[in-house]
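K.L.:
One structure follows; several queries about it will come next.
Here, each number is a calculation from the coordinates, and none is a lab measurement. Bear in mind the structure is a predicted one, so any value in this text is a computation, not a measurement. With ideal geometry, Cβ positions are generated from the backbone for all residues, glycine too; neighbour counts draw on all protein chains shown.
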């Protein structure tokens, strides 16, 4: 099994943020993770990345128990993420930002020229090769999001966690980003994406998991989840189908 969460619990001072969640993620799939604000989606990402350790339960990646592994070790194993609030190194160039991921990620490259060459190839994949020499602080929001994605891809992930990558983008930018996500998956990278743009998630995800108040209330194909009454009541609303 690629990624397994076994009855994972996370509580903060008695507040149950994630409540006995069990979930499997298959290699090569796009899994959409949706739910209302405060549902536990970001906490679940932080548990998979090792930012938080579970109060109970186990997390396995490629049959290795990573429940207590620190974030840098998970990165070396091939797990990485983007952040909703993108924070590149503003005074470094776009290329330098991406190169850092290549130096410190999985199968890290220690020769600078080689790391920069591979980082430039990744920038080309996200459409930033033409801005490689510019400082990161000069980028627009959509290009900062692309740089955030490039930095994550530079770590050579097997599993990529995307946190609100589409937030703040206009409709044409959302469409282009959805196509980019599918191309990334086609290279063999497994993706879990948290998004509030539900119709975008349903358009590209193979499966969708729904959290509400820390509970996993539904899981399945987009069509099945969209018709689940618990999901309609907790998050989608009746207007989603109008």
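K.L.:
Taking the Cβ of each residue in 107, 206, 163, 228 as the centre, tally the other Cβ atoms inside 10 Å and list the residues starting with the fewest. All intermediate terms of the calculation are to be shown ahead of the outcome.
P.N.:
Numbers: 107 10, 206 14, 163 21, 228 18.
Sorted ascending by nearby Cβ count, the order is 107, 206, 228, 163.
K.L.:
Something else: Listing 16, 193, 49 from the residue with the fewest other Cβ atoms within 10 Å to the one with the most, what is the order?
P.N.:
Working: 16 15, 193 25, 49 19.
In increasing order of surrounding Cβ atoms, one gets 16, 49, 193.
K.L.:
Taking a cut-off of 33 Å, what percent of all Cα-Cα pairs in the chain are separated by more than that?
P.N.:
For the chain, the share of Cα pairs beyond 33 Å comes to 17 percent.
K.L.:
To continue, here is another question. How do 235, 104 rank when sorted from fewest to most other Cβ atoms within 10 Å of their own Cβ?
P.N.:
By the 10 Å Cβ count, ascending, the order reads 104, 235.
K.L.:
How much length is gained if the chain between residue 13 and residue 62 is pulled fully straight, taking 0.36 nm per residue apart and subtracting their Cα-Cα distance, in nm to one decimal?
P.N.:
Going from the current span to full extension adds 14.5 nm.
K.L.:
What's log10 of I(q)/I(0) for segment 1-68 at q = 0.16, 0.21, 0.29 Å⁻¹, Debye sum over Cα points only, no solvent?
P.N.:
-0.51, -0.87, -1.46
K.L.:
Regarding segment 79-156, what whole-number volume in Å³ per residue does the convex hull of its Cα atoms give?
P.N.:
Enclosed volume per residue, from the Cα hull, is 76 Å³.
K.L.:
While we're looking at this one, here's another question. Using only the alpha-carbon atoms, what does segment 33-172 span along each of its principal axes? Please give whole angstrom values in decreasing order.
P.N.:
Rounded to whole Å, the extents work out to 46, 38, 23 Å.
K.L.:
Of the residues 18, 174, 201, which exhibits the maximal mean-square fluctuation in a Gaussian network model of the chain defined by a 10 Å Cα contact cut-off?
P.N.:
Highest fluctuation among the options: 174.
K.L.:
Any chance you could check the Cα centroid distance between segment 168-210 and segment 1-48 for me, in angstrom?
P.N.:
18 Å
K.L.:
Now a separate question. Between 54, 222, 171, which gets the highest mean-square fluctuation from a Gaussian network model of the chain, Cα cutoff 10 Å?
P.N.:
Ranking 54, 222, 171 by mean-square fluctuation puts 171 first.
K.L.:
Over the chain, what is the percentage of antiparallel beta bridges among all DSSP beta bridges, to the nearest 5? Display every interim value, and only then the final one.
P.N.:
Working: 20 of 36 bridges.
Antiparallel bridges: around 55 percent, rounded to the nearest 5.
K.L.:
Another question, if that's okay. Under a 10 Å cutoff between Cα atoms, tell me which one of 30, 232, 111 has the largest fluctuation in the Gaussian network model of the chain.
P.N.:
Sorting by GNM fluctuation, first place goes to 111.
K.L.:
Under a point spin-label approximation (7 Å from Cα along Cα-to-Cβ), what is the residue 55-residue 180 distance to one decimal in nm?
P.N.:
Each label point is offset 7 Å from its Cα along the Cβ direction, giving 3.7 nm.
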